[in-house]
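The values are calculated or read from the model by the stated rules, or taken from the named source; none is laboratory data. Small disclaimer: the values here were computed from a predicted structure and weren't measured. For neighbour counting, all protein chains shown are included, and Cβ atoms are generated from backbone atoms with ideal geometry for every residue, glycine included. Side chains included, ligands, DNA and RNA excluded: accessible areas come from the protein's heavy atoms. Shrake-Rupley method; radii C 1.70, N 1.55, O 1.52, S 1.80 Å.
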Amino acid sequence: QVQLVESGGGLVQPGESVTLSCVGSGSLFRLYTVGWFRQAPGQQRDLLAYITAGGNTNYVDSAKGRFTISRDNAKNTIYLQMNSLKSEDTGVYYCAAGTLWSVYGRDYDYWGRGTQVTVSP
């Protein structure tokens, strides 16, 4: 069993940057692929990026160039750095862990409770 806790959300101005953190439990957390997902108001939960145990990364088109996913295995932490934020980046951000390299939420086994990011003047 893996427990995930996200943090770092809040109210930010358009154009600003924010870094989200996802702390996982257990010594095996470093072996999991971890994805960051966003659920905008009234929308489904969609993948933004994932990072594998070996550090390979994959981004969806909307995240390329502005978002960076990284991991620090010594701290059991996955980061999502988001730059040049726009109002459409508003939503609840979730991290999830699984054993597959997948863009689909259904392939992830463990989920955090999410952290709210609101981009507004």
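Restricting region 83-108 to residues that are among the acidic types (Asp, Glu) and in contact (Cβ under 8 Å) with a residue 24 or more places away in the chain, which is surrounded by the most Cβ atoms within 10 Å (Cβ to Cβ)?
89
Take the residues of region 26-82 that are of a type in the set (Asp, Glu) and out of contact with any Gly (no Cβ under 9 Å at 6 or more places or on another chain): which is most open to solvent (accessible area, probe 1.4 Å)?
61
Check 55, 26, 15, 10 and return the single one that is in contact (Cβ under 8 Å) with a residue 24 or more places away in the chain and in contact with a strand residue (DSSP E or B) (Cβ under 8 Å, 6 or more places away or on another chain).
On the way: 55 fails: in contact (Cβ under 8 Å) with a residue 24 or more places away in the chain; 26 fails: in contact with a strand residue (DSSP E or B) (Cβ under 8 Å, 6 or more places away or on another chain); 15 fails: in contact with a strand residue (DSSP E or B) (Cβ under 8 Å, 6 or more places away or on another chain).
Result: 10 is the single residue among 55, 26, 15, 10 that is in contact (Cβ under 8 Å) with a residue 24 or more places away in the chain and in contact with a strand residue (DSSP E or B) (Cβ under 8 Å, 6 or more places away or on another chain).
Can you confirm whether residue 10 is more than 16 Å from residue 91 (Cβ to Cβ), open to solvent by less than 50 Å² (accessible area, probe 1.4 Å) and more than 12 Å from the chain's Cα centre (by Cα)?
Details: more than 16 Å from residue 91 (Cβ to Cβ): no; open to solvent by less than 50 Å² (accessible area, probe 1.4 Å): yes; more than 12 Å from the chain's Cα centre (by Cα): yes.
In short, no.
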